[in-house]
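Rule-based calculations on the coordinates, nothing more; no lab input. These figures come from a predicted structure and were not determined experimentally. Here the Cβ positions follow ideal geometry from the backbone for every residue, glycine too, while neighbour counts run over all protein chains shown.
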Amino acid sequence: DTGVSQNPRHKITKRGQNVTFRCDPISEHNRLYWYRQTLGQGPEFLTYFQNEAQLEKSRLLSDRFSAERPKGSFSTLEIQRTEQGDSAMYLCASSYSRSGGADEQFFGPGTRLTVL
Amino acid sequence: SQQGEEDPQALSIQEGENATMNCSYKTSINNLQWYRQNSGRGLVHLILIRSNEREKHSGRLRVTLDTSKKSSSLLITASRAADTASYFCATRDSSYKLIFGSGTRLLVRP
């Protein structure tokens with residue numbers, strides 16, 4: 001399978017607990033992105049990495065959120081002290097940078113988080 | 001916040017008919033991309049059009065881009081029941097993040 005994979009696919013947690021999601025990008029892709037999508041809306045950008053460097057973070061990414069890509073391959077997104085408003089689909093995407101900037105982003109299936 | 005708006009928000013057509021969705025955006029872009037999302041699933045990349053292109057085709061898909069009006073349209077010809085999904089436009093500016101619209105929910109009736 002050469003697509004983007006995400007684990008777990010579903011996560012149910014109680015308010016106040018910490019959760020961690022994992023994303024494995026397409027192997028030759030150097031950019032990795034995290035988005036969040038709530039019901040009936042388009043995805044909203046959270047953060048992105050080029051190799052292991054985190055280059056941009058959205059204001060949506062409060063201090064309870066942290067993302068890492070330690071070796072420039074897989075990435076983790078951790079949410080501390082979860083709140084009910086964190087319930088959403090968390091999507092990961094990856095792309096390969098090329099000249100001209102026409103780098104399509106390929107998305108994983110997402111992790112659906114439900115905070116009770 | 002969302003970059004732009006898709007129009008219409010929802011569209012219901014008969015199989016075999018053409019479906020047209022429009023997208024408007026607010027800022028200068030490097031490229032614009034269209035994605036499809038089936039219920040509760042990840043997004044599938046359909047087509048990318050660069051800011052210096054005006055029209056692009058891929059199979060039954062035709063995308064146009066008018067940068068002076070900051071708008072794009074996606075045409076699906078000869079629709080099939082399997083085309084039922086939500087369709088999103090997404091713009092990329094000088095950074096690499098995508099900014100998505102709110103989507104058009106397409107229902108193709110068999």
Using 20 Å as the cut-off for backbone N distance, which residues of the stretch B:91-110 belong to the label zone defined by a point 7 Å from the Cα of B:A78 along Cα→Cβ? B:107-110
With a cut-off of at most 15 other beta carbons within 10 Å, and DSSP calling the residue loop, which trypsin sites (Lys or Arg not before Pro) in the stretch A:35-116 qualify? Please list them. A:R59, A:R64, A:K71, A:R81, A:R98
Spatially close lysines, pair count over the protein assembly as shown: Cα under 30 Å, gap of eight or more or interchain: 19
I want the local charge near B:Y87. Using Cβ-Cβ distances under 12 Å, sum +1 for each Lys or Arg and -1 for each Asp or Glu among the other residues. -1
Just tell me how shielded A:27-39 is by partners: mean number of partner chain Cβ atoms within 10 Å of each residue's Cβ, no decimals. 1
Rg and Dmax in Å for chain B, alpha carbons only: what are they? 13.2, 42
Would you mind computing the Rg to Rh ratio of the stretch A:1-70 from its alpha-carbon coordinates, Kirkwood style for Rh? 0.96
In sequence order, what are the phi-derived ³J(HN,Hα) couplings for the stretch A:70-84 according to the Karplus relation 6.51 cos²θ - 1.76 cosθ + 1.60 with θ = phi - 60°, rounded to whole Hz, with x for glycine and proline? x, 10, x, 10, 6, 9, 10, 10, 10, 10, 9, 6, 4, 10, 4
Roughly what would the spin-label model give for B:K26 and A:T38, points 7 Å off Cα along C-beta, in nm? 1.7 nm
Kirkwood-based Rg to Rh ratio, the protein assembly as shown, C-alpha trace: 0.97
Across the stretch A:36-109, what fraction of all alpha-carbon pairs, as a whole percent, falls in each successive 10 Å bin from zero upward? 16, 50, 29, 5, 0
Top positive-direction residue, dipole computed over the stretch A:1-88 with Cβ charges, set A:S87, A:T76, A:F21: A:S87
Taking every other residue with Cβ under 9 Å from the Cβ of A:G110 and scoring Lys and Arg +1, Asp and Glu -1, one gets +3
